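Presented below is the structure to which this report refers.
Computed from the coordinates by the stated procedures, all read-outs in this text should not be read as laboratory data. On a predicted model such as this, the values are computed, not experimentally measured, just so you know. Cβ atoms come from the backbone with ideal geometry, glycine included; neighbour counts cover every protein chain shown.
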Amino acid sequence: MCIIIRIFVISILATIGGCKDNPAGTGTEESSFKDILFINEFMASNGSILADKNGDYDDWIELYNAGNTDVNLSGMYLTDNFTISTKWKIPDTVIAAGSFLLFWADNEETEGTLHTNFRLSASNGEEIGLYDTENNGILLIDSISFNTQLRDTSYGRYPDGKSNWQFFSAPTPGNENVSDNKEDAIKK
Ligand SMILES: [Ca+2]
Ligand SMILES: [Ca+2]
Ligand SMILES: [Ca+2]
């Protein structure tokens, strides 16, 4: 009996200790938007695929909201350098449930709210990170490290939001990813 009580007390203490070791904003917490918001497709060498409103064939990043509710991205961050997670703060922008949103990675912020302060490197490869707001601890939501990219070929997830990444010779900025590989129809 005494042993049972002792085990009970120890397990309660362990639980309390566990709480103390994991205060809000630190530790191994995950953003509540992980597995909901995705870096879904990007292009680091845009020659003729899609121009922004200024006629520039700039790099772009497509985000995907796989959830059932709209998400306001305001205050979240995009970066091309994991050591600078707060490189570019996303302005007041909503990504609708099940929808896609395109950001121009052109380092031309004066061109509009969806223009980041960085570009993507096609020749050396680079990385893209999506981080939660400061209030939510700037926790990582999604990331991708990529190698050399081909002109007018995008790189993205297929199917949308899933773990498989591949090149797309027919990019789909702002829309669902469509594979040109017939075998992929089976995966989906
Ligand atoms: Ca531009
Ligand atoms: Ca860059
Ligand atoms: Ca797409």
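Below are the figures for this structure:
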{"read-out": "Convex hull per residue volume in Å³, alpha carbons only, for region 58-188", "value": "108"}
{"read-out": "Unit charges on C-beta of K, R, D, E only; dipole of region 30-170, Debye", "value": "280"}
{"read-out": "Potential extension, residue 151-residue 127 segment - 0.36 nm per residue separation minus Cα distance", "value": "6.9 nm"}
{"read-out": "Cβ-Cβ FRET estimate between residue 119 and residue 53, R0 fixed at 25 Å, reported to 0.05", "value": "0.90"}
{"read-out": "Those chymotrypsin sites (Phe, Trp or Tyr not before Pro) in region 61-141 that DSSP places in a loop and that have at most 10 other beta carbons within 10 Å", "value": "none"}
{"read-out": "Per principal axis, descending, Cα span of region 86-153 in whole Å", "value": "35, 26, 26"}
